[in-house]
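Let me begin by presenting the structure, written as structure tokens, before commenting on it.
Here, each number is a calculation from the coordinates, and none is a lab measurement. Just so we're clear, the structure is a prediction, and the values are computed from it rather than from any experiment. Cβ sites come from the backbone with ideal geometry, for glycine too, and all protein chains shown count toward neighbours.
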Amino acid sequence: MTFLRRPALLLLLVALNGCSHLTQTVPVAPPAPTDKAQEITRAQTSTLTKIGNVTADVIGSPMDAEAEIQRKADAAGARYYVIMFNSETIMPGRWYSQAILYR
């Protein structure tokens, strides 16, 4: 039985090592600023300054929550934002979203 555990352990270690390579991000330059805040990816934040967080709680669709995040980012003077999550709550049609703002 011991000889069966070793290949399984080895396979698990190889799989976990492969997963670590998938989570590494390579820095990428953000797009040029515009008059409205732009959604960017986490890889584009390395040269930016974090200025805060915003949340949105809306009834509608995921796009309505994203639009509310952009409106709040514009109001805060952010040039960029990264949406951390956009999730439907227990109540169908009610969406909660959170984002980090950057300048």
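A few comments on the model shown:
- Scan the stretch 38-54 for residues that are assigned to a helix (DSSP H, G or I) and closer than 30 Å to ILE90 by Cβ and the total you get is 1.
- Residue satisfying condition, being outside any helix (DSSP H, G or I), acidic (Asp, Glu), touching a residue at least 24 places away in the same chain (Cβ under 8 Å) and out of contact with any Ser or Thr (no Cβ under 7 Å at 6 or more places or on another chain), within set ASP35, ASP74, ASP64, ASP57: ASP57
- Members of the stretch 77-93 that are in a strand (DSSP E or B) and of a type outside the set (A, V, I, L, M): TYR80, TYR81, PHE85, ASN86, SER87, GLU88
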